[in-house]
Structure formats: structure tokens, C-alpha cells
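A short worksheet on the structure shown next.
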Amino acid sequence: RKSLNIPSCIIFYAIGKDNNYKVPIDRAALLLGITSQKEIDTRFAKEVSTALGTCVVSPVEMAQAFSVFANLGQKRIPNCILYIEDIDGNIIYNPWKEMQKYYRENSKKLQIISPQNAFIMTNILRDTVHNGEGFLTNAKQRIINSGLEFPDIEIAAKTGTAQNSTDVWCVGFTKEVTLAMWLGFKEFGLSLGQYQNGAAIHGPNFLEIMRQYHLNNKKYPLKFEKPEEVISMQVCSESGLKPS
């Protein structure tokens, strides 16, 4: 929720140092939908900085990756066509409906991470919006303070800012929708300006899109589901163990 880089680097190093970072890189590629080993080798450097997002990915790939968490570990396939109508208004092609059928019939094959893993990631990302220390919490409160209605929904999100503010991101989701936002330049080396980070640029817009989407769909309250196998408990802030 504080967007700290060092813990990410420590975890990436711990699970990758004995396998030339193949394990964490393969997991990232799996979430992003990148299957070619040649492409994985080209896009992901075998070094700790990769944990901070130094590889090149597209917004649709980021949306696909985060949608896995939203769907409790189930892969979702990007598709830009909902349906096609003929001149008389008859639906002649409905890939959205076909995809829903494909998801139902291939649920085991599409389960690329465990529901427990997905929920824990979702729970961490949820704190960015719903915890007092979260970097999007104030942006949400400002919307509410302005008198606008904010639906009763849980949102999980992560913002990102490249070195010297050359690129800024916000990617997040509810149970209903995943949204990826990017802003930057096609030329390398240009900066968006001082203090122009992902939370400042995208945060208010991201939350406003989520607000309007769910108000229009009226599916709330909308909360993330916790798998039965996941338990919660208090731990000591110093030892990390159960309080004694």
C-alpha cells in the first residue's frame, strides 16, 4: 500500500537467485500472457531491477495480468469485439458469448495460479484504496467529499512511475472489471514533469472511471471473495509471529 520497492526486490531475489531468475520471470510472463521463450528472453532481463518493471509491456497485457487476480487465478483472454450486428440489428457474431462458454468448459486449464495466491495479491492491492496509508485512499475520499456518490465496491490497484517520470501507470480491478491506464511518450528520455507520478496523474481518473462504471451497472455491494483455505490473524509487528 505504500508502494515500496525494496520488499519487491528482496522477494524477487530470494525466489530467483538460485535459478537465474527463471521462476519469477516465468510467473510474470504467465500472468501477462507471454508464451514464447524467445520473447520472454528478449523482454525480461535476468536481474533484480526487473522486479520494478524495467521490461516493456503493453496496457492490454497489464490488464490481462491483473484480471487473473480479479478472477481468483483464472486466465482471461483479451478480446476487443463484444458482438457484430447485421443491417437489420441481428447479432451475427458473438465472441463474448463464445468466450464465456470457453471459460466454463476450460476452467481447470485456465487456472494458472491458485485462488489463494490470487486472493492474497488482491488483498494486498486492495489496501492501496481502502487503507488509511494507501496511496489512492485520499483521492477516493476527495471524490466523496465533493458530494459525488461512490458505490459500495472494493477496488484493488497499483500505480507505477518510471525513472524521471517518463511513463506512469495505474492498473486495478473490482470483481466486475479490470482497467489499465498508461501515459507517456513514444520517444525515450522525455519526462512528464516533476511530481508527475502514477498516483497523481492516474489516481483520480482511475477512481472516477470505476465509480461511473459501477454506478451504471448497479452491481453492489461488490466485495472480493476469500477462499475458505485462507485464514487471517493478527501478528506481532516486530517478530512477524503470533502475539505472545
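The values are calculated or read from the model by the stated rules, or taken from the named source; none is laboratory data. None of the values given here were measured: they were computed from a predicted structure. When we count neighbours, we look across all protein chains shown, and the Cβ atoms used for this are built from the backbone with ideal geometry, even at glycine. Areas reflect the complete protein model, heavy atoms only, side chains present, ligands, DNA and RNA absent. Shrake-Rupley method; radii C 1.70, N 1.55, O 1.52, S 1.80 Å.
Within the stretch 45-65, restricting attention to residues that are in a helix (DSSP H, G or I) and touching a Gly at 6+ places or on another chain (Cβ under 7 Å), which residue is surrounded by the fewest Cβ atoms within 10 Å (Cβ to Cβ)?
So the first thing to find is which residues in the stretch 45-65 are in a helix (DSSP H, G or I), and the list is 48-52, 59-65.
From the residues that got through so far, the ones that are touching a Gly at 6+ places or on another chain (Cβ under 7 Å) too are 61, 64.
Working: 61: 17, 64: 21.
For the stretch 45-65, the residue satisfying everything is 61.
Does residue 26 meet the test of being surrounded by 14 or more Cβ atoms within 10 Å (Cβ to Cβ) and among the acidic types (Asp, Glu)? Outline the logic, then answer.
On the way: surrounded by 14 or more Cβ atoms within 10 Å (Cβ to Cβ): yes; among the acidic types (Asp, Glu): yes.
So residue 26 passes the test.
Among the residues making up the stretch 185-229, those that are among the basic types (Lys, Arg) and either open to solvent by less than 90 Å² (accessible area, probe 1.4 Å) or touching a helix residue (DSSP H, G or I) at 6+ places or on another chain (Cβ under 7 Å) (or both) are 211, 226. Checking each residue in the stretch 60-82 for being modelled with pLDDT under 95, out of contact with any helix residue (DSSP H, G or I) (no Cβ under 6 Å at 6 or more places or on another chain) and not β-branched (Val, Ile, Thr) picks out only 80.
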